[in-house]
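Notes for the one structure printed next.
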Amino acid sequence: MPSADELLGPIAATTLTRSIQDVMPEARLHELPRAAASLDGLALRERADLLRDALLTDLPGDYQALAHVIRQARDHSADFSGWLIWPVTGAVATRAVQEGTEPAFTDAMALLAELTGRLTSEFSLRTLLRHDLPRGLEIITG
């Protein structure tokens, strides 16, 4: 069985940071590089949460701003896939729930569906379903 390092280790974290920096060259990313260097000794879920939180800190603003950056990274980097998607989808779901609007929720559901082919969005989908189960199920079954 692969270790946490092999799944969501420094390579994935550095790739995530580079993918975001490539589509936002003017941005000063501080937390993502710091998180990438702080993964030792953390379990897989802890790593995903650390990188999710770093992404949310480095990309302040509303849900739409975050979603725009994520879609750009997805469209411009073939490496934007695999285990680094877990913290990305976590950030998408978290920011949508924090915003608390129907458009953010609906778009987050769509964005998770768009990213699922790169790695399951299962854990992040749960965040959205806990927030608004009837709306989530309506979108999924529609």
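Values quoted throughout were computed directly from the atomic coordinates according to the rules given, and no laboratory measurement underlies them. Source: prediction; values computed, not measured. Quick reminder, even Gly has a Cβ in these numbers, built from the backbone with ideal geometry, and neighbours come from all protein chains shown.
Give, in nm to one decimal, the length gained when the segment between residue 28 and residue 71 is fully stretched (0.36 nm per residue of separation minus the Cα-Cα distance).
Values: separation 43, 0.36 × 43 = 15.48 nm, distance 1.91 nm.
Working it through step by step, the gained length comes to 13.6 nm.
Quick one: net charge around residue 58, please, counting Lys, Arg +1 and Asp, Glu -1 for every other residue with C-beta under 10 Å from its C-beta. Mind showing how you got there, number by number?
On the way: positive: 28, 34; negative: 31, 53.
Around residue 58, the surrounding residues sum to 0.
Please get the size of the charge dipole for the chain, origin at its Cα centre, with Cβ charges of +1 on Lys and Arg and -1 on Asp and Glu, quoted in debye to the nearest 20.
100 debye
Under a Cβ-Cβ cut-off of 10 Å, what is the net charge of the residues other than residue 77 that fall near it, where Lys and Arg count +1 and Asp and Glu count -1? Don't jump to the answer; show the numbers that get you there.
Values: positive: 18, 74; negative: 22, 75, 79.
It works out to a net charge of -1.
Need one number: nm distance between label points at residue 45 and residue 3, each 7 Å from Cα along Cα→Cβ, rounded to one decimal.
The two pseudo-label positions are separated by 2.1 nm.
So how tilted is helix 102-115 from the main axis of the chain? Cα-based, degrees 0 to 90, rounded to 10.
The angle comes out at about 50 degrees.
Hey, what's the Cα Rg ratio for region 4-141 versus the globular rule of thumb, 2.2 N^0.38 Å? Could you put the intermediate results ahead of the total?
Working: Rg = 14.0 Å, N = 138, 2.2 N^0.38 = 14.3 Å.
Normalised by 2.2 N^0.38 Å, the Cα Rg of region 4-141 equals 0.98.
Quick check: pseudo-label points 7 Å beyond the Cα along Cα→Cβ at residue 119 and residue 137, how many nm apart are they?
Placing both labels 7 Å beyond Cα along the Cβ direction yields 3.0 nm.
Positive end of the dipole of the chain, charges at C-beta (+1 Lys, Arg; -1 Asp, Glu), about the Cα centre: which of 105, 72, 41 has its Cα farthest in that direction?
In the chain, that residue is 41.
If R0 is 35 Å, what FRET efficiency do you get for residue 11 and residue 110 from their C-beta distance, rounded to 0.05? Could the numbers behind the result be given before it?
On the way: r = 29 Å, r/R0 = 0.82.
Result of the calculation: an efficiency of 0.75.
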